[in-house]
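The values are calculated or read from the model by the stated rules, or taken from the named source; none is laboratory data. Since the model is a prediction, treat every value here as computed from it, not as a measurement. Positions of Cβ are generated from backbone atoms using ideal geometry, with glycine treated the same way; all protein chains shown enter the neighbour counts.
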Amino acid sequence: MSVIQVQGLCPLNGRIRIQGSKNAVLPMMAAALLCRDVTVLHHVPDIADVRIMADILRHLGCLVNWRQGRMEIDASDLTRTEIPREYVGKMRSSCLLLGPLLAREGEAVTSYPGGCVIGKRPIDFHIHALERLGASFREQNGTIAARARKLFGTWILFPYPSVGATENALLAAVLADGTTVLLNCAMEPEIEELCRLLTAMGARIKGIGGPELVVEGVPELHSCEFTPAGDRICAGTYLAAAVISRGDVVVAGVRPGELLEPLKTMERMGAAVSVREKEKEIRVQMKKRPSPVFLETGPYPRFPTDLQPVFLAAACTCRGESRIRETVFEARFAAADEMKRFGARIRTDRDTVHVKGRWPLGSASVRAPDLRGGAALVLAGMAAEGISGIEDCGHIERGYEDLCRDLSLLGAKIWMERESLAGS
Ligand code: EPZ
C-alpha cells in the first residue's frame, strides 16, 4: 500500500502543463475498435485506467504500442469479443466497449461493472440504447451477452444525460444502417471530443456539442490521428490547490470555457482568476482566506461532480459555513467523513453537505476512498499544520499521472512512501 505525505501551509506557485484527458481518451480507445486499421492518439496520459483499457484492447486482439504519450491501436484483426470479469471489476469504462463490439462484430460478452464508493452506477441506459439500435441482451450470473445481427438507425431518448450511455450509443450508431437521433445527450466536453474523433474517422454526426445528436450510419470508418484536450478535472484540481494553499498557479493546455462554473465559484471565494483563451491558459491567485462555497453539481455545463470533492476540501478552509449539493451520484461524500479528521466541522444531510471551515486545519492520517476523494484529501492536507498522511492513494493513480510530481513542481512539500509488501 502506498501513502502520500504532505507538509501543509506551503503556498503553490508556478505553471504546469496538464496531462491528456482521462475521460476523453478512454472512449477514444474504445472507438479505435470501429476501424479495421490503425488509430493514433497523442497526449495519452500514463494512468492506471488507460493501462487497463490498453490491456483489454490487447486481450480482444488489438496491437497497442504506447510510448511517450503516443498510442497506436491496430484493430485490424480482433480475436475475441468477450471482456473478462477481472478487467471489468478494475474499470467501469470497459462497458464502453459494448457499442463498438456490437457495431463491428455483432456480439459482446461482459459483466456488470458493479457499483463503487460514489454510487450504484448501473448501465441500464447503455443497454436500453443498444437494444433500441437492435441488440439483444441475455444475462446470466452477472454476465451480459449481447448480440446484434445488424444495428439499425432509430431514435433514442436518454432518461438522464448520461456521459457513458451517450458515448456507447454514439460508438454503435456510427456504423448502424440508417440514421439515429440521440435526444437528451450528455454535453460534457469529452462527448464533443469523441464526436470530433469519430468525424475524423469518417463518421457523419450533426449537432456536436448539443443535447441532440443526429448520426448517419456509414459502412466503415478509417484510420486517423487525434490529439485529445487536456484534462479539465486535473486542471480544476490544481487550481483548487492554488486556492487552498493561497498560491498563484497557471495551468496550460485546457480550454478555460470547459471550467466556467468552477472558475466562477473560485472568484466568489475571493480568488483572482484570469484566462488566456487562445493560449489555453488559466491563472488563479489567492491571497486570503476563502469566502464560503455554495455549489450544486449537475450535468455539463453545470458544476462538474468530479470537482465536488476538491471544492469540499477548499470549503474546509473557508471563513464561515459552506454548502455543497451533489445531484449526479447518490453517494459521493465518502471523502467528507475522512475530511472531518482535519478538524473542519462537516454535517451531511442526504445530498447536501454543510461545512464550517477553519484555518489552518489540523494534520491528520486519512484514507483515500476513491479517485477524486483521494485527491481532495491531499489538498486538505496542504491546508493543515504539520505533516498529513493519505493512505490507499493507489486510487489517485487511476486518474492523475503523478499528483506528487505535479504538486512538487508547484512548490508543495509532498512525497510518496511505498510500504514494502513485508510492511503491509
Ligand atoms: C462519467 O462517468 C465519468 N467517467 C465520471 O468521471 C463522471 O463523474 C461522470 O461521467 C459524470 O460526469 C468517465 O468518463 C470514464 P454518467 P459515467 O453515466 O459515464 C446514472 C472520474 O472521476 N446512470 O453520466 O459513469 C449514474 O448512476 C469519473 O473521472 C444510470 O442510472 O457517468 C449517475 O448517477 C467518476 N444508468 C448518473 O447517471 C446508466 O445506465 C450519471 O452517470 C448510466 C448512468
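Results, tabulated for the structure shown:
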read-out: Test: residue in the range 337-350 that is at pLDDT 95 or above and within 14 Å of the ligand (Cβ to nearest atom); value: no
read-out: Spans of helices (runs of 4 or more DSSP H) in the range 1-97 with at least 3 residues under 30 Å from residue 414 (Cβ atoms) and touching a residue at least 24 places away in the same chain (Cβ under 8 Å); value: 22-31, 48-60
read-out: Matching entry among 51, 104, 67 (being in contact with a Leu (Cβ under 7 Å, 6 or more places away or on another chain) and of a type in the set (Lys, Arg)); value: 104
read-out: Strands (runs of 3 or more DSSP E) within the range 221-298 that include 3 or more residues among the hydroxyl-bearing types (Ser, Thr, Tyr) and under 17 Å from the mean Cα position of the chain (by Cα); value: none
read-out: So residue 242, is it closer than 23 Å to residue 398 by Cα, surrounded by 15 or more Cβ atoms within 10 Å (Cβ to Cβ) and within 16 Å of the ligand (Cβ to nearest atom); value: no
read-out: Condition check for residue 110: polar (S, T, N, Q) and away from the ligand (no atom under 16 Å from the Cβ); value: no
read-out: Every pair of residues 6+ apart whose Cβ atoms lie under 8 Å, when the first sits in the range 228-242 and is within 30 Å of residue 200 (Cα to Cα) while the second is of a type in the set (Phe, Trp, Tyr) and within 11 Å of the ligand (Cβ to nearest atom); value: 234/400
read-out: Scan of the range 176-194 for residues that are more than 14 Å from the ligand (Cβ to nearest atom) and touching a Gly at 6+ places or on another chain (Cβ under 6 Å), ordered by number; value: 176, 177, 178, 179, 180
read-out: Count of residues meeting criterion [farther than 13 Å from residue 2 by Cα and among the charged types (D, E, K, R)] in the range 383-401; value: 3
read-out: Subset of the range 309-336 [within 15 Å of the ligand (Cβ to nearest atom), in a loop (DSSP other than H, G, I, E, B) and either within 19 Å of residue 378 (Cβ to Cβ) or aliphatic (A, V, I, L, M) (or both)]; value: 328, 331, 332, 333
read-out: Close pairs from the range 148-172: first modelled with pLDDT of 95 or more and within 16 Å of the ligand (Cβ to nearest atom), partner of a type in the set (D, E, K, R) and assigned to a helix (DSSP H, G or I), Cβ under 6 Å, at least 6 apart; value: 156/132
read-out: Any hit, the range 200-216, residues being touching a Gly at 6+ places or on another chain (Cβ under 9 Å) and in a helix (DSSP H, G or I); value: no
read-out: Pair list, Cβ < 9 Å and 6+ apart or interchain, from the range 123-144 residues that are more than 19 Å from residue 157 (Cβ to Cβ) and within 13 Å of the ligand (Cβ to nearest atom) to residues that are among the aromatic types (Phe, Trp, Tyr) and part of a strand (DSSP E or B); value: 144/137
read-out: Selection count where residues are more than 19 Å from residue 174 (Cα to Cα) and assigned to a helix (DSSP H, G or I), scope the range 98-134; value: 1
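Yes/no matrix, rows are residues, columns are (1) in contact with a Cys (Cβ under 6 Å, 6 or more places away or on another chain); (2) under 19 Å from residue 240 (Cα atoms); (3) within 16 Å of the ligand (Cβ to nearest atom):
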| site | (1), (2), (3) |
| --- | --- |
| 368 | yes, yes, yes |
| 385 | no, yes, no |
| 390 | no, yes, no |
| 397 | no, yes, yes |
| 401 | no, yes, yes |
| 406 | no, yes, no |
| 414 | yes, yes, no |
